[in-house]
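Okay, so here's the structure we're looking at.
The values are calculated or read from the model by the stated rules, or taken from the named source; none is laboratory data. No experiment lies behind these values; they were computed from the predicted model shown. Using ideal geometry, Cβ is built from the backbone for each residue, glycine included, and neighbour counts are taken over all protein chains shown.
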Ligand code: PRX
């Protein structure tokens, strides 16, 4: 794996990767353990799409994450686990121990009927067993589908259904700040509508009471006693599915993004090492939950493939107080810290008193991910956390891209606040105008697309390949469309301007407006709703819901609480509307299409230029909406 060490080298490598991508990626792939080498590096077209990397290669990603490190660094810590409560002792798990635990749990899965190709849903808190479960699935060739522990039973059930999972791995409960979350009871509720699930494996975390269903539910700690730690890795094809991860789209239910074994492995390690300039022995901490792609690629797979030490944190940034991140950094002498702008903004808002007690002098590199980082937050992070000596990698990428795509290489690429800067080697971004023409040269702004595949690219959406085509490859023929707007400045630096479709980034989480509307519409008094985003100081974007009722309700506050409860129930707390406005109608065109542009403007508090409203069926509703804006 080539490590870039200077900006000149970056430019050289970039050029090489574009001129001869196959040779470039073959070189990166050489260092891994392959059971059989690939016959061909790449086969692709974006028309179906049909994309294959390292065709014919055989491997197991866990052999590369674990087994191959044992001789050199078996006793080195692979995972540092920091619990929610700072007074509880955490864990340090060496590569040898992790290997053994993953093998044991792989055998538990097999004993419970799991086989290669099965889909296994993982719904767990941020405890080591979560990482072990993920790796055990990969070891036996089962496809993991991790569902974030904050999602409701309905979201969980939808995801289990869509992937037709036969096993669920969960915990009795989880700790998050001052709260306990009863995960197993959410699973019980979800499984009422999921007959495909034959086994539920439950680990103990909170010791809360759970109801175990005979035949179906088993305890992790009982099962683990029945097995040895001898489990050879299943031989996987490069293009066998490694995992499914659900992400929101502008229409309908979330899509099951599929990543495959070979390309994802090569891409996550290459990007991890180069973006963060990871050095052997360093302590690396990514604060994302494993339920999101950042947790998959840069908490579990990337760092372990690199033989690194990865910190896993169970809690939240504000528990027991807003200094927790900084306390953990000092405690474990963290060198690389990777978090989201929304966390930075919320901690900034709580003041420097929470930062001052900590030295933070172990830090060498900072990272940001998930949404645009505003300049103010960037400077606060740079000055108060990095003490102006840690380069900030503002990493742009997506669930669908598998790994980081546009980002500075820490300490190598000159940074500008708000800019993700330059594409990584192998990445060929283009900006298109609305008609699909490429905007050449610099100082241009358009829709961000990719014109050539990279090893980590999405292969399909689970069980519905047409949806993959529709969502990413149909708008602009021959390109992968990201859904983001972007500007390329006069120096060729990229600045992401935000989504151009009907999804909203709320606290770094992608939410489809249609999904939130569905959850709101479950309320019996709601006839119709329309959801848009509005700029929010901490969350980046907040959720503004316009709601039409079947009949008038005088107890508006109560009603709003009920609507929020409905969203909680059908999606989860992350989708909670910040503002709810009751309206008698929505601005619709004569063909019945909601004019979201108008709703967005009103939500932003900008009534000055609502554009052309002459095509509206009933222009009067706009006046009413303006008058009632919150
Ligand atoms: O809009 C972009 C935004 O997050 C979207 C992808 O979201 P998701 O699939 O949940 O993955 C998040 C973690 C990789 C993108 O389409 N986004 C992500 N990173 C950045 C960003 N926007 C601006 N700057 C970033 N660094």
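Mind checking whether some residue in the stretch 43-53 is over 18 Å from residue 272 (Cβ atoms) and more than 28 Å from the chain's Cα centre (by Cα)? No; the residues of the stretch 43-53 include none that is over 18 Å from residue 272 (Cβ atoms) and more than 28 Å from the chain's Cα centre (by Cα).
Consider residue 437 carefully, then state whether it is surrounded by fewer than 22 Cβ atoms within 10 Å (Cβ to Cβ), in contact (Cβ under 8 Å) with a residue 40 or more places away in the chain and more than 16 Å from the ligand (Cβ to nearest atom). Against the criterion (surrounded by fewer than 22 Cβ atoms within 10 Å (Cβ to Cβ), in contact (Cβ under 8 Å) with a residue 40 or more places away in the chain and more than 16 Å from the ligand (Cβ to nearest atom)), residue 437 does not qualify.
Listed by first and then second residue, the pairs linking a residue in the stretch 502-531 that is without any contact (Cβ under 8 Å) to a residue 40 or more places away in the chain to a residue that is part of a strand (DSSP E or B) and within 13 Å of the ligand (Cβ to nearest atom), with Cβ atoms under 8 Å apart and 6 or more places separating them unless they lie on different chains, are 504/510; 504/511; 504/533; 504/541.
Is there a residue being assigned to a strand (DSSP E or B), under 19 Å from the mean Cα position of the chain (by Cα), more than 23 Å from residue 403 (Cβ to Cβ) and within 13 Å of the ligand (Cβ to nearest atom) anywhere in the stretch 528-546? Scanning the stretch 528-546, I find at least one residue that is assigned to a strand (DSSP E or B), under 19 Å from the mean Cα position of the chain (by Cα), more than 23 Å from residue 403 (Cβ to Cβ) and within 13 Å of the ligand (Cβ to nearest atom), so the answer is yes. Look at residue 101 and say whether it is under 23 Å from residue 323 (Cβ atoms) and within 26 Å of the chain's Cα centre (by Cα). No: the conditions fail for residue 101. Of all residues in the stretch 406-427, those satisfying the criterion of being in contact with a strand residue (DSSP E or B) (Cβ under 6 Å, 6 or more places away or on another chain) and within 19 Å of residue 481 (Cα to Cα) are 406, 407, 420, 423.
Quick grid of which residues meet (1) part of a strand (DSSP E or B); (2) crowded, with 20+ Cβ neighbours inside 10 Å; (3) within 14 Å of the ligand (Cβ to nearest atom):
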| position | (1), (2), (3) |
| --- | --- |
| 486 | yes, yes, yes |
| 490 | no, no, no |
| 498 | yes, no, yes |
| 516 | no, yes, no |
| 520 | no, yes, no |
| 524 | no, no, no |
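Answer with yes or no whether residue 446 is surrounded by fewer than 22 Cβ atoms within 10 Å (Cβ to Cβ), in contact with a strand residue (DSSP E or B) (Cβ under 6 Å, 6 or more places away or on another chain) and farther than 25 Å from residue 24 by Cα. It is true that residue 446 is surrounded by fewer than 22 Cβ atoms within 10 Å (Cβ to Cβ), in contact with a strand residue (DSSP E or B) (Cβ under 6 Å, 6 or more places away or on another chain) and farther than 25 Å from residue 24 by Cα. Counting only helices (runs of 4 or more DSSP H) that fall entirely inside the stretch 39-113 and contain at least 1 residues that are crowded, with 23+ Cβ neighbours inside 10 Å and assigned by TED's automatic domain parsing to the domain that holds residue 283, the qualifying elements are 61-65, 95-111.
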